[in-house]
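Quick one: structure below, then a few questions.
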Amino acid sequence: MNTPTEELKIILASINNRDEKNFNAHVDLKSVMDIGYEETTNFLADNCAKFHKLYPKDLFFKFGSTILRIYNKKFRGVHLGLINKVIAAYFDGSFAEAKSFSQTPIKFMTAHLVRLLKAIHAEYGEEKISGDTATVAVKMIGDGSEYGRMIDTINFVVEFNRHGEQWHMMKIKNVEEVVPKILDIAETYWPSSWDLGIKL
């Protein structure tokens, strides 16, 4: 039986190799996305005033935590659908057909994801096991390229559950640490021309 760290290495290798079958065999993607969306929404709402001060031009934080929760609940399917489409375009290789954002938004964003993935590498940290639950710390570090400098360093703690003789990735455990970093990258680098209000 692989250790949780070994499982995480398999998952990251399947991402790099665009091996969707192997990825799905080791990741409960629905759990990762469902839990991640709920925990991220709660974290953003609980810290809405703080983020409004940091990013005063972002309307997402302007109207307060209650509106933010209502908005994310209403558009949950749209947001998760977008992520699923990007994942699909990555694994099936259709990102290679990307044109401009306005012409092929999903493929265009996925093509940028491909460049980002090429610019980072993983360093593995502490592994903790408690019964049928385990966590693994992993640091994603960018290289000297534009995309690598954008990412810089992001620390993840990944949670696994034991299913029979295999560990399955279930969630990102430290959203309170990951989300501010990703939010700051998005606020800094996301072009205003990438309007997600268009039909995806």
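Would you be able to say whether some residue in region 149-159 is in contact with a Ser or Thr (Cβ under 6 Å, 6 or more places away or on another chain) and modelled with pLDDT of 95 or more?
Yes, because at least one residue in region 149-159 is in contact with a Ser or Thr (Cβ under 6 Å, 6 or more places away or on another chain) and modelled with pLDDT of 95 or more.
Pull out all pairs, ordered by first then second residue, where Cβ-Cβ is under 6 Å, the residues are six or more apart or on different chains, the first lies in region 171-183 and is closer than 23 Å to Lys57 by Cβ, and the second is surrounded by 18 or more Cβ atoms within 10 Å (Cβ to Cβ) and not hydrophobic (A, V, I, L, M, F, W, C).
Val179/Thr40
Taking region 136-172 on its own, how many of its residues are in contact with a Pro (Cβ under 8 Å, 6 or more places away or on another chain) and either surrounded by fewer than 18 Cβ atoms within 10 Å (Cβ to Cβ) or not in a strand (DSSP E or B) (or both)?
Within region 136-172, residues that are in contact with a Pro (Cβ under 8 Å, 6 or more places away or on another chain) and either surrounded by fewer than 18 Cβ atoms within 10 Å (Cβ to Cβ) or not in a strand (DSSP E or B) (or both) number 0.
Just give me the residues in region 75-91 being closer than 29 Å to Thr3 by Cα and either of a type in the set (Ser, Thr, Tyr) or touching a residue at least 60 places away in the same chain (Cβ under 8 Å) (or both), in sequence order.
Residues satisfying the conditions are Tyr90, Phe91.
Another one. I'd like the full set of residues that are β-branched (Val, Ile, Thr) and either at pLDDT 95 or above or part of a helix (DSSP H, G or I) (or both), limited to region 65-107. Break it down stepwise before answering.
So the first thing to find is which residues in region 65-107 are β-branched (Val, Ile, Thr), and the list is 66-67, 70, 78, 83, 86-87, 104, 106.
The answer is Thr66, Ile67, Ile70, Val78, Ile83, Val86, Ile87, Ile106.
Let me ask something else about it. Of the conditions (1) of a type in the set (Lys, Arg); (2) in contact (Cβ under 8 Å) with a residue 60 or more places away in the chain; (3) in a helix (DSSP H, G or I), Lys30 satisfies every one except a single condition; which number is it?
Every condition holds for Lys30 apart from (2).
Then there's this: What are the residue pairs meeting all of these: first residue in region 104-124, first residue surrounded by fewer than 16 Cβ atoms within 10 Å (Cβ to Cβ), second residue in a helix (DSSP H, G or I) and of a type in the set (Lys, Arg), Cβ atoms under 9 Å, and 6 or more apart or on different chains?
Ala122/Lys9; Tyr124/Lys9
The values are calculated or read from the model by the stated rules, or taken from the named source; none is laboratory data. All values reported here derive from a predicted model rather than from experimental measurement. Methodologically, a virtual Cβ is constructed for each residue, glycine included, from the backbone with ideal geometry; neighbour enumeration extends over all protein chains shown.
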